[in-house]
Amino acid sequence: MTIFGREMILTRRLAGSWLFGLMFFALFATVCAIALGGQRAAMAPIAAPLLWLAMILSVLLAAGPAWQASMPNGFAEQLYLSGKSFAVFAATKAITMWLSIILPLIALSYPLAAMFGLESEAALGTTLSLFIGSPAILAYAMVAGAATLRLAQGGVVIILISLPLLVPTLIFGLSLAQSFEATGFGKDGLALLGISSLSVAAAIPAIAAILQVIMEDG
Amino acid sequence: MIPDFGKYGFVVWTAYGLAILVLLGLWLYGRRK
Amino acid sequence: MINWLSNPKRFERFAVPASKFCGWLALLLILPGLYFGLFASPEAEGFGHGVRILYVHAPSAWVAMAAYSAIAVMSFISFIWRHPLADRVAYNCAMPGAIFTALALATGSLWGSQSWMTWWVWDGRNTSFLVLLFIYLGYIAIWAAMDNKRLAARIAGIIAMVGAINLPIIKFSVDWWDDVLHQKATIMTIDGPGFAPSMMLPLMLMLFGFSFFLIWVVMRGVLRDIRKQRDATARNAITPAQATLTKMKS
């Protein structure tokens, strides 16, 4: 039953949001390149920041619809009655979302970084930073998505809630991306890993609490 | 009788003006029925 | 809703006189504070009359942080004990808190225009305060955008607590970002040379004055919410009674 439940969530996830996120990521990067005039010399210094912003926005935009699709009215009650904990549900959802939405983005980030004029070491640093920072991005996107489940126009509020919380992730993520060529994984990598772990540890209970509240009062 | 703050005049008066506006505004907000 | 009716009476009995006290105390602190700040305090070394901005800037920043702390604590109390008044206190702290955050940013910008000759600097303190303003706006947005206010209270509370846990991390990361990447020179602090007792006086007056003012605003808001809730319940109670009466008459 548990495996079936997870399969169900997985197939629902694959239904649409991942492609949407991927397309936005690629399109945002493209538009940035056009806006910057397409010169590698101009783009290379800000490639990592732009890709980080593209990643964050893509995940935030995909989070809302992903939640709406898998939480129709009454689903929370069914889940509660089935005996599964909301925390386990949240964790499962996080894993499936990471696999289906984030992994493609991380994969695409390496060629995009190269297209923005980064050398292979620097491009790898950018991709690695996105990889390690992605749990934090997903964690806050999911919290914001859950909080705005019963809102008509959740999109803007998702961004308003999650972006402030993502400031440390952004800061440490970019410090890793930009220092990777010189110092490798190092202290910056550890700091980012710490941020991601803390974010996930804080987000799962918060999401479970939100789902509980929606079931009781929603 | 308004004191002259020299080159700081504009910023000081603007800062205090904003602060007083905020205080008055919140006071009216707190007083509404 | 029955819980709501029992405690609020006690809260009202306390808060009606308490809010009056806080209101008058705030006035008695702020008016002299303004006087001393503008007229009866000295210039500072190296910054002249510009230091007067500090007497509105620092209290605003203090109140901004205090209000968010109150929101976080009240959200926690509401989460553990489901106390509906805690929700209303948190809600009423939000708008004043956001406004004082904006005031702190504006007065800080005015300060910076003379001390760093620029209207805005992306330093640690400015940036984290700007982030705090957005955290406030997100919190307010949840309350505003949801029709089901009971659900809004609980979700906003959870988000407030997540934000509260993150605020030290945000502050730390932004300060680190500022120090490491920007190599900023140390900004003049209150403990620097030339901070005379005659400067502490307007600062303390305004600090306490603003604080009691915030308490007054929040208490007035909660009292108003209690009154509104009581009126709403009374209106709902009258109608069935009238229906019974008309039934009896016919």
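Here are a few things to note about the model shown:
- Within segment C:65-114, the set of residues being under 9 Å from the mean Cα position of the chain (by Cα), within 14 Å of chain B (Cβ to nearest Cβ) and small (G, A, S) comprises C:A67, C:A94, C:G97, C:A98.
- Of all the listed residues (A:S179, A:S197), the sole one being surrounded by fewer than 19 Cβ atoms within 10 Å (Cβ to Cβ), modelled with pLDDT under 95 and more than 7 Å from chain C (Cβ to nearest Cβ) is A:S179.
- Residue match in segment A:56-70 (condition: aliphatic (A, V, I, L, M) and part of a loop (DSSP other than H, G, I, E, B)): no
- Selection within segment C:77-107 - of a type in the set (V, I, T) and within 30 Å of B:V12 (Cα to Cα): C:I99, C:T101, C:T107
- Against the test of being more than 14 Å from every other protein chain (Cβ to nearest Cβ) and on the phi > 0 side of the Ramachandran plot, the options A:G125, A:G117 yield a single qualifying residue, A:G117.
- Hey, A:L138 within 14 Å of chain C (Cβ to nearest Cβ), at pLDDT 95 or above and either farther than 26 Å from A:I210 by Cα or out of contact with any strand residue (DSSP E or B) (no Cβ under 6 Å at 6 or more places or on another chain) (or both) or not: no
- Residue match in segment C:72-84 (condition: part of a helix (DSSP H, G or I), out of contact with any Gly (no Cβ under 7 Å at 6 or more places or on another chain), modelled with pLDDT of 95 or more and within 19 Å of B:L28 (Cα to Cα)): no
- Within segment A:7-36, the residues that satisfy the criterion of being under 16 Å from the mean Cα position of the chain (by Cα) and at pLDDT below 65 are A:R13, A:L14.
- Yes/no for C:G23 being free of Cβ contacts under 8 Å to residues at least 24 places away in the same chain and small (G, A, S): no
- Residue match in segment C:109-129 (condition: at pLDDT below 95 and closer than 25 Å to A:M142 by Cβ): yes
- Within segment B:1-32, restricting attention to residues that are facing another protein chain (nearest Cβ under 8 Å) and assigned to a loop (DSSP other than H, G, I, E, B), the residue that is surrounded by the fewest Cβ atoms within 10 Å (Cβ to Cβ) is B:R32.
- The listed residue being more than 22 Å from C:F208 (Cβ to Cβ) and surrounded by 19 or more Cβ atoms within 10 Å (Cβ to Cβ), out of C:A104, C:A90, C:A98, C:A70: C:A90
- Test: residue in segment C:169-185 that is within 9 Å of chain A (Cβ to nearest Cβ) and modelled with pLDDT under 90: yes
- Residue that is surrounded by the fewest Cβ atoms within 10 Å (Cβ to Cβ), among those in segment A:110-122 that are assigned to a helix (DSSP H, G or I) and in contact (Cβ under 8 Å) with a residue 60 or more places away in the chain: A:E121
- Residue selected from segment C:115-161 under the condition in a helix (DSSP H, G or I) and in contact with a Lys or Arg (Cβ under 7 Å, 6 or more places away or on another chain), by the criterion farthest from the other protein chains (Cβ to nearest Cβ): C:S128
The values are calculated or read from the model by the stated rules, or taken from the named source; none is laboratory data. These figures come from a predicted structure and were not determined experimentally. All Cβ positions, glycine included, derive from the backbone under ideal geometry; neighbour counts span all protein chains shown.
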